[in-house]
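Encoded as structure tokens, the structure appears first; notes follow it.
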């Protein structure tokens, strides 16, 4: 809707003779008609817009004189957006984000008979528009040649006033500097998130091989099918378009992700991989044995091989549990959270006391 409002604004100012006051510019280009065979020409203009601040191609307007004539055919309305997208993205990369639409505006026509002016008539004429977004990752570069539009593979076009031309040094340098600055800001934001997390239990996910690299020198591997399943069911929301969380861009995962099989944990020496008994954990965490038992019970840590392993004693034949470094780190993080939430900790203690009821 915002694009229609903007196009109407561009077309609203006219001279007494009926010509448009708006001129072609860094963000506006007029075309009298839409021709599918001119896709390369439109793509070149759209790439130039994408490398600058974005812009419109408006169809149904003569450029000289600047007169609104409307679309005379249905070529624009019959445009296959899928085919058009494939065509422009086969010429330029990265992909150009674009939108299109039509609108009608009132126009005054004068009826004449034998060259004699008879009366004025108000009619509706149709206008089409394409809008190319400013590229997120500049520069947009030609990836193949088109002799008709003098496009050579590797060309970078930029919008200068009312012309789409090969980019000059100053603009290319600015694009490179802006890209470097954006990457630097992104890294600083990531480091700030890590700093504010108050935990060392962070890792890096590599979606190509399904591995999570942890700070402890242990790589946790997920089945690549599971990673693929998550990515297929993940909906990525653009920054600012998801209102439930204010102020931050988000990734919202929708749908049910079903884990078909348990991720195997390699067999290791219990004394090396699980060095702590419950008494050790209690002392290291500085909490009572009862509070430790309650936490282990509430978070089901004896059921997760990542945190614990059952060891059969030779004397009684019974089973005791030993706990891993991950268990210690997990409990440290939970206790940090519970420091300011006595109500939640009491809930955990109560759940443990009532476990056999």
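The values are calculated or read from the model by the stated rules, or taken from the named source; none is laboratory data. Note that the coordinates shown come from a computational prediction; the quantities given were computed from them, not determined experimentally. Quick reminder, even Gly has a Cβ in these numbers, built from the backbone with ideal geometry, and neighbours come from all protein chains shown.
All conditions but one from (1) within 23 Å of residue 19 (Cβ to Cβ); (2) in contact with a helix residue (DSSP H, G or I) (Cβ under 8 Å, 6 or more places away or on another chain); (3) modelled with pLDDT under 95 apply to residue 64; the one that does not is (2).
Look at (1) modelled with pLDDT under 80; (2) part of a helix (DSSP H, G or I); (3) surrounded by 10 or more Cβ atoms within 10 Å (Cβ to Cβ) and you find that residue 180 fails only one, number (1). Could you pull out every one of the helices (runs of 4 or more DSSP H) wholly within region 273-357 that has 1 or more residues that are within 36 Å of the chain's Cα centre (by Cα)? Of the helices (runs of 4 or more DSSP H) lying wholly inside region 273-357, those with at least 1 residues that are within 36 Å of the chain's Cα centre (by Cα) span 325-338, 342-353.
Taking each residue of region 123-143 that is more than 19 Å from residue 164 (Cα to Cα) and outside the structural domain of residue 10 (by TED's automatic domain parsing) and looking for partners that are surrounded by 23 or more Cβ atoms within 10 Å (Cβ to Cβ) and at pLDDT 95 or above with beta-carbon atoms closer than 9 Å, six or more apart or interchain, yields nothing.
Say whether the condition of being surrounded by 11 or more Cβ atoms within 10 Å (Cβ to Cβ), within 30 Å of residue 192 (Cα to Cα) and modelled with pLDDT of 85 or more is met by at least one residue in region 265-286. Yes; the residues of region 265-286 include at least one that is surrounded by 11 or more Cβ atoms within 10 Å (Cβ to Cβ), within 30 Å of residue 192 (Cα to Cα) and modelled with pLDDT of 85 or more.
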